[in-house]
Amino acid sequence: MPAAAKVRPRADHPRPVAPPPRERPARRLTARLRGPALPYLLILPALALELLIHIVPMAVGIGMSFLELTQFSIRDWTTAPGAGLDNYRLAIDFNAPVGQELLHSFWITCAYTLLSVGLSWLLGTAAAVLTQGPFPGRGLLRTLFLVPYALPVYAAVITWSFLLQRDNGLLNHVIVDQLHLTHDRPFWLLGGNSFFAIVVVSVWRSWPFAFLALTAALQNIPRDLYEAAALDGAGMWQQIRRITLPSLRPVNQVLLLVLFLWTFNDFNTPYVLFGRSAPAEADLISIHIYESSFVTWNFGTGSAMSVLLLLFLLVVTAGYLLATRRRTADA
Amino acid sequence: MPRPTASRTPTRTARSPMAPPRAFLWTRRIVLTLLAVFTLAPLYVMVSSSLKPLGDVQSRFTWWPSTFTVRPYLDIWDTVPLADYFVNSLIVSVSATVLSVAVAVFAAYAISRYRFRGRRVFSVAVLSTQMFPGILFLLPLFLIFVNIGNTTGIALYGSRAGLIITYLTFSLPFSVWMLVGYFDSIPRDLDEAALVDGNGPIGALFRVVVPAAVPGIVAVSVYAFMTAWGEVLFASVMTNDTTRTLAVGLQGYATQTDVYWNQVMAASLVVSLPVVAGFLLLQRYLVAGLTAGAVK
Amino acid sequence: MRRTWTRKLWTAATATALVAGAAACGGGSATSSAGGNGSPKTLTYWASNQGAGLEADKAILTPELKKFEKRTGIKVKLEVVPWSDLLNRILAATTSGQGPDVLNIGNTWSASLQATGALLPFDDKVMERIGGKDRFVANALAAAGAEGRPPAAVPLYSLAYGLYYNKKLFKEAGIDAPPATWDELVADGKKLTGHGRWGLAVEGASYTENVHHAFVLGQQQGARPFTPEGRPAFDSPQQVTAVKDFVDLMAKDRIVNPGNAEYANQQSVTDFARGKAAMLMWQAATSSLKKQGMDAADYGIAPVPLPAKTPPGGKQVTSMVAGINLAVFKNTDNRDGALKFVKFMTGKDEQRILNKTYGSMPPVTDAYGDPAFETPELKTLRKVLADSAAPLPQVPQESQYETLVGNAVKKLFADAASGHPVTESSVKAELTKAKQQMPGGKG
């Protein structure tokens, strides 16, 4: 990816290989020793940990996808018969139920992720920008917005499932018993509505994170910029559009990606909301794979599905990074 | 990209900023009220349900308990060992956060300030680890832990240490990426100035970059903490009754004979209170970031 | 230069994969010493949650374990594992070989776990050491592993389904006796439904409850989930009829509240206890009902109904064999102690104490005779267990069957609740889809 590196001029960054000429020889020596090796030393702990916890298990996981790993062989993997590409064939045979369900689940997950990330980001940005200037109660409100994020997933999601119950939940109590908007009590955890239920719960849980990240990013915008703009006669809205939003771009670039990957692979929210099996309309892929590997002892197939998912996410992420880098460079 | 240019002369005058237009004020009021209602609704359900007797909670929703009771708050400690879970969660989450942020700061500094071979590969590879569904590397990871235990005698399986290093790597990739974003937005002439003042690169990192990135570091710490605080799947396999964390422990209120909804809510509130209080403190810190930014 | 880098990366990746693979495959063998008696003084016991919470279970079991320690000098380290974690934990233990010495398993998992080879088979020699297999209730022992193989576990607590009915509501509706056939149940249910009350409550979103009922009704219709060769046959006409009849209780007969389609947290028990539903099919509900404030005199219990006319091939089955089994992990380093513990736990005294506390039935014959097991509820259920209960298919793919069929029924309940028609063809389509997702389920 040399192209991506090139579009980012870094002429101004400190080059450890070229120490300022004023330094004494002894210092220069240590600087040189530290110089080229230093970045590697800095990333070493991260690298080692990622290798141990992610990369190696991931490699094993990829290996699993080529095995027929079931209850018969899980105890001693050497006895697992090789499956070649059978697991993959099963997963992408969209004419058979397994493939169909996977594809269906994939589309559901895509729609869910787009909606959830979009809304979370929108709410987060709105709240961060609107709470930027001081007003009475701002601190309280900021804290309140962070509360959903501070609750353990289980507690938060079980509360939602509780208030979305058809017969006893708060939501139906309000729209049916109090506002009389409809006579039939709608289901929120079954059928088509369950999709919106999971989106809302997911947004509720993740927008505070967007809010937090953006609030922090806003602190880094120098006030001079606003003052200069104000001197030029720019109004509040123009200041937001011309200064605030563009300055958030580097953080947004990462934040959206973070939210995307986080939401796409989120296991906890659907698992607590729907239990081991989600309604077809809200059959998110993480639960789907759990069900087709863990619950049914079919680890090879589940691994193959995960590898396909990994490839998809890699492609999306790479495309996203290339696109945003280029746009950032143009700006 | 608008980046603070080298105008370091104090242009700040005593002039008060322009008063926001009325339309802006109304937008602010309406949007923030709606957001507050959205945030509060489930919280209200939690609080009110935690004060209701179980029978109330199991019947149709009412805004107000028929009889107020604090029993759930007393019973939560007897149904499951909540205090133990809380301590476990705290130890695991805090350790994972501190380590994760420390490791991430170094890595992000390297990526943000140095161009070295493998830089892109490293940052993309780190990110790609977030794309593998956890469910699939759960078993391999478990095996690796058990094997490390068998060969070195370091017990990772079932111990808090195992959970800590697992969670620390969960939050690490995003922490690195977020911090790179924050570090990138800190002008490089600042570190250069520190280098000119006779600091090494690490000195520049700790004297200049880290203080300037405090809000970002706070945000990342919160993320790392919450990742560890809420994780369910790995905790359910990697802990035993002495190391079980809250995230899975709270499920204990759904028992074979009954689901104690009111206790679930009460327990959730009790354990979340310290976290919310922590957020409150950090809030001040976030604002303090404002002043840190004034160094510019 | 770039190329060498890529090559290096690949080499590194491959090497890592191999090392990891080796580590992973070694996982089983490194720890799976054939089992033995390396540490004869301690045992680890994973107990499933049976009572009103983990702490309650601990309080119930600890004195018993102390008794065992006093008798044998073996210290038992107890961990009560919540149901939400139990299968994951067992799976991890199986994969790595690092697990407890003795553990509880849901009896329907027996054959699946048996297939992994992680559990000690209770062959005749082993059985002899715990007092012989004739002590156990035959049906309960039948749910401990595949037919024709030594059981992978022994039954510890037994349960069976019964039809609980609200006596007061029955009387108000002018019904003298609980329904014995499905037609009667529907007719009674219609009389009982109305004024915010429903004839029957079901746990429509719980796949385990669903599959249990689908199995029992299927047995009554003469369906077999698996062919004798072990191939799935979930969509046989008999099974389709059975599932359709069950879902029709909500869809067509309208004696089940559509809201039940989202029940998975024992809300149906609550509805029954509060008189919001007049009937409930459940296993040993008494302790839950008592907790919810329902007096034992207010309800009666009868076997689950049968078809009025037995269809060809149909069996007089009114319940699956439900319960908890006790298994010994093959890798235990205290096999003698583990077996002593199994003998202790399945002994007459412990069986009486524990089953009494948990409201379940002893699966060993000599424990009966205690007045605690002579309640009307347990007398009925005991008869069901002995005479009209059948174990869920004891095949290695049982958990797939349970998940897939249970979820198919859940889906159908959701359809019924939201007003979509439930027809023979829609039922068949769901069951066929379930079948085709089984290994070897195509065709």
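Which of the three applies to the range A:46-330, rounded, prolate or oblate, going by the alpha-carbon gyration tensor with a ≥ b ≥ c and a/c under 1.5 meaning rounded?
Note, shape of the range A:46-330 comes out oblate.
If one computes the Cα centroid of the range A:176-228 and of the range B:57-101, what distance in Å separates the two points?
Rounded to whole Å, the Cα centres lie 24 Å apart.
Just going by the charge dipole of chain A, with Lys and Arg at +1 and Asp and Glu at -1 on Cβ, which of A:Trp77, A:Phe94, A:Thr317 is farthest out on the positive end?
A:Thr317
Rounded, prolate or oblate: pick one for chain B, where a ≥ b ≥ c are the square roots of the eigenvalues of its C-alpha gyration tensor, a/c under 1.5 means rounded, and failing that, prolate if a/b is larger than b/c, else oblate.
oblate
For the range B:23-44, which residues drop by 40 square angstrom or more in accessible area between the chain on its own and all protein chains together (1.4 Å probe)?
In the range B:23-44, residues shielded by partner chains: B:Phe24, B:Arg28, B:Leu32, B:Leu35, B:Phe38, B:Thr39, B:Pro42, B:Leu43.
Calculate for chain B the 222 nm mean residue ellipticity that helices alone would give, adding -39,500 (n - 2.57) per DSSP H run of length 4 or more and normalising by residue count, nearest 500 deg cm²/dmol.
Per the formula, -22500 deg cm²/dmol.
Any chance you could check the Cα centroid distance between the range A:36-58 and the range B:141-214 for me, in angstrom?
Each part's Cα centre sits 10 Å from the other's.
If you put +1 on each Lys and Arg Cβ and -1 on each Asp and Glu Cβ, how big is the dipole of the range A:175-331 around its Cα centre, in Debye rounded to 20?
420
Order the following by accessible area, largest value first: C:Asp134, B:Asp241. Probe radius 1.4 Å; ligands, DNA and RNA are ignored.
Highest to lowest solvent-accessible surface, that is C:Asp134, B:Asp241.
Summing -39500 (n - 2.57) over the DSSP H runs of n ≥ 4 in chain A and dividing by its residue number, what mean residue ellipticity at 222 nm do you reach, to the nearest 500 deg cm²/dmol?
Taking each H run of at least 4 residues, the total per residue is -20000 deg cm²/dmol.
With a cut-off of 8 Å between alpha carbons and a minimum separation of six or more residues, what is the relative contact order of the range B:73-295 in percent?
The normalised contact order for the range B:73-295 reaches 33 percent.
Where only protein heavy atoms count, and the probe is 1.4 Å, what is the accessible area per residue for chain A in Å²?
40
Filter the chymotrypsin sites (Phe, Trp or Tyr not before Pro) in the range A:57-105 to those in DSSP coil with at most 14 other Cβ atoms within 10 Å of their Cβ, and list the result.
Hits after loop and neighbour filter: A:Phe94.
Computing the accessible area with a 1.4 Å probe over protein heavy atoms, can you report the carbon and sulfur percentage for chain B?
69
What translational diffusion coefficient, in µm²/s and rounded to a whole number, does the Stokes-Einstein relation yield for the range C:173-268 at 20 °C and a viscosity of 1.002 mPa s, taking the hydrodynamic radius as the Kirkwood radius over Cα pairs?
Answer from the Stokes-Einstein relation: 149 µm²/s.
Treating only the Cβ of Lys, Arg, Asp and Glu as charged (+1, +1, -1, -1), what charge dipole size does chain C show about its Cα centre? Round to the nearest 20 debye.
1160
Send over a whole-number figure in Å² for the accessible area per residue of the range B:159-296, probe 1.4 Å.
27
Taking chain C as the reference, fit the longest principal axis to its C-alpha atoms, fit the long axis of helix C:207-221 to the helix C-alpha atoms, and give the angle between the two in degrees, 0 to 90, nearest 10.
Compared with the principal axis, the helix lies near 60 degrees.
Picking from C:Phe226, C:Ala338, B:Leu168, whose Cα lies most toward the positive end of the charge dipole for the protein assembly as shown (charges on Cβ: Lys, Arg +1; Asp, Glu -1)?
B:Leu168
Can you pick out the pairs among C:Lys168/C:Lys428; C:Lys75/C:Lys356; C:Lys190/C:Lys410; C:Lys168/C:Lys383 whose Cα atoms lie more than 30 Å from each other?
C:Lys168/C:Lys428
Please state the shape class of chain C: rounded when a/c is under 1.5, otherwise prolate if a/b exceeds b/c and oblate if not, all from the C-alpha gyration tensor.
It comes out oblate by the Cα gyration axes.
Under the definition of Cα pairs under 8 Å and six or more residues apart, what whole-number percent is the relative contact order of chain C?
After rounding, I find 26 percent.
Per q in 0.09 1/Å, what log10 I(q)/I(0) does a Debye calculation on the alpha-carbon atoms of the protein assembly as shown return?
-1.06
If you take the accessible area of A alone plus B alone and subtract the pair, what total do you get in square angstrom, rounded to 100, with a 1.4 Å probe?
So the total buried area for this chain pair works out to about 11600 Å².
Helix C:54-72 versus the longest principal axis of chain C: what is the Cα-based angle in degrees, 0 to 90, to the nearest 10?
60
Taking the Cα centre as origin and putting +1 on Lys and Arg beta-carbons and -1 on Asp and Glu beta-carbons, what dipole magnitude results for the protein assembly as shown, to the nearest 20 debye?
4240
Tell me: how much accessible area in total is hidden between B and C, 1.4 Å probe, Å², nearest 100?
3300
How big is the C/A interface in buried accessible area, both sides summed, 1.4 Å probe, to the nearest 100 Å²?
The contact between A and C buries close to 3600 Å².
Per-residue ellipticity at 222 nm for chain C, helices alone: DSSP H runs ≥ 4 residues times -39500 (n - 2.57), over residue total, nearest 500 deg cm²/dmol?
Computed mean residue ellipticity for chain C: -14500 deg cm²/dmol.
Exposed loop sites here are trypsin sites (Lys or Arg not before Pro) in DSSP loop states with at most 11 other C-beta atoms within 10 Å. What is the longest stretch of chain C lacking them?
Here the longest run is C:42-308.
How many angstrom separate the Cα center of the range A:73-121 from the Cα center of the range A:304-326?
16
Out of the total accessible area of chain C (probe 1.4 Å, heavy atoms of protein only), what percent is carbon and sulfur?
Within chain C, the accessible surface is 55 percent carbon and sulfur.
Could you tell me which residue out of C:Ala273, A:Leu52, B:Leu179 lies farthest along the dipole of the protein assembly as shown toward its positive end? Charges go on the beta carbon: Lys and Arg +1, Asp and Glu -1, centred on the Cα centre.
Checked the options; the winner is B:Leu179.
Could you check which residue among C:Gly359, C:Gly314, C:Gly145 shows the biggest mean-square fluctuation in a GNM of chain C with a 10 Å Cα cutoff?
Comparing C:Gly359, C:Gly314, C:Gly145 in the GNM, the peak value goes to C:Gly314.
The values are calculated or read from the model by the stated rules, or taken from the named source; none is laboratory data. In this text the structure is predicted, and so the values were computed from the model without any measurement. Methodologically, a virtual Cβ is constructed for each residue, glycine included, from the backbone with ideal geometry; neighbour enumeration extends over all protein chains shown. The accessibility values were calculated without ligands, DNA or RNA, using every heavy atom of the protein model including side chains. Shrake-Rupley method; radii C 1.70, N 1.55, O 1.52, S 1.80 Å.
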